[in-house]
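A quick write-up on the structure given underneath.
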Amino acid sequence: MKEQPHPFDSLVPELIIEAVESVGLACNGRLLALGSYENRVYQVGLEDADPVVVKFYRPGRWSLEAVLEEHEFSAELQAAEVPVVGPLRLATEQGRNTLHGIKGFHFAVFPRRGGHWPELATADDRRWLGRFLGRLHAVGSMRGFRHRQMLDPVRMGRGSVTWLLSEGWIPDYLEARYRQVMEEVLDVVDEAFLGVGQVRSLRIHGDCHRNNLLWTDSGPHFVDLDDCMNGPAVQDLWMLLAGDREEQAGQLRDLLEGYGEFARFDGRELGLIEALRSLRMIHYTAWLAQRWSDPAFPLAFPWFGEARYWERHVGELEEQLSAMGQPPLSLGYH
C-alpha cells in the first residue's frame, strides 16, 4: 500500500524561492535547511543583502490567530527591548504583514542572528539569563493569550497516554506495566498541582531549554517563540537546570537572583518542577508518535520505533516517581 504524501513533501526548493520572492525579496538561490522538525526552517540567501531565515509552519498545527499572537508577543518584547528575534514586517500586495501564505503554507521571514548555545557555567551567566527571563515575563504578565494553548497537565499527561494506547504504540508485553506506571505518575502529578494550589498564569516561552537559546557577547536571545503559551513562570526556568540536586539548587538561586530584578517569582511553583518534568517526558513521546508520518521524524529519531525505547521510557518514569517524592528544590539547599 502506497504511503500517503506528507504536506511538507511539496515544499521543494523552487517553492521556497517563490515564497521568498513573493514578499519582495530577491533570492540568490542559496538555501540551507536548518535544524527544525516541527516546522521547516531555511536560511535563504539574498541578492545584495544578508541572508534571512524563513519558517514554514506545519499545516494544521496552529490557527492563524494563534500564529499571529506569537508574532504580536515578539513585537511587544522587542518594543520593551527584550532580545527576541521576531518576524520581519514586509510589504506585500495585502499590506505590511509578518505572516504570509503560498500554496497551502503559511510562512514568516526572520532576520538571521548568530550565537552559540549557552553553557551557563558561571553564576554571572545564570544571573544574566535570569534577568532576561524576568524581563520576558514582565511583558508576558501584562495580558494573556486568547488563541494559544494553556499549559494543561491533563492534556499533556492523561491525554498523551490515552492517545498512545489507543493508537497501539505501546508494545503488547509492556502495556500492563506502562498503564500502571503512568497511572501512578499522573496521580502524583495531580497531587503536586493540587498541593501547590492556584498560581499565576502568564505568557511564557513554553519550551525554554538551552538549545532554544543563542548567546553572543551581547547576551542571550531567543530566535523565535513557536511554543509560547499561557503557563506558570517556573516552566521557563526548570529546563535550564542540570546536574544533581545541589547543583540545580545553586543554578536556580542564580537564575532567580537575576529574575527578581524584573519580575516576582512565586516560590510555591518550585513544587511543580518534577511534575512538569514528568509531563514533558510523557508528552514528548506522544509528540513523536503524532509526527511519525512526517518522513523527517523516522530519519531523525530511528530509535523511537524500537521496543527498548519504551522500556527505557517506562524505567525513567519509575525513577520520576522517586524524584517527585523528594521535597521541592529549596533556594537554601546545601
In segment 1-53, the GluC sites (Glu not before Pro) that fall in loop regions by DSSP, at most 11 other Cβ within 10 Å
Glu3, Glu47
Can you tell me, using C-alpha contacts under 8 Å and at least 6 residues apart, the relative contact order of segment 123-324 as a whole percent?
36
In segment 145-178, the trypsin sites (Lys or Arg not before Pro) that fall in loop regions by DSSP, at most 12 other Cβ within 10 Å:
Arg146
Sequence-distant residues sharing a close amide H with Leu46 (under 5 Å, placed H)
Asn28, Val52
Within segment 290-334, GluC sites (Glu not before Pro) in DSSP loop having at most 14 other beta-carbon neighbours inside 10 Å
Glu306
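Only the coordinates and a few stated rules stand behind these numbers; no lab work does. What you see is a predicted model; the values in this text were computed from it and never measured. Positions of Cβ are backbone-derived with ideal geometry, glycine not excepted, and every protein chain shown enters the neighbour counts.
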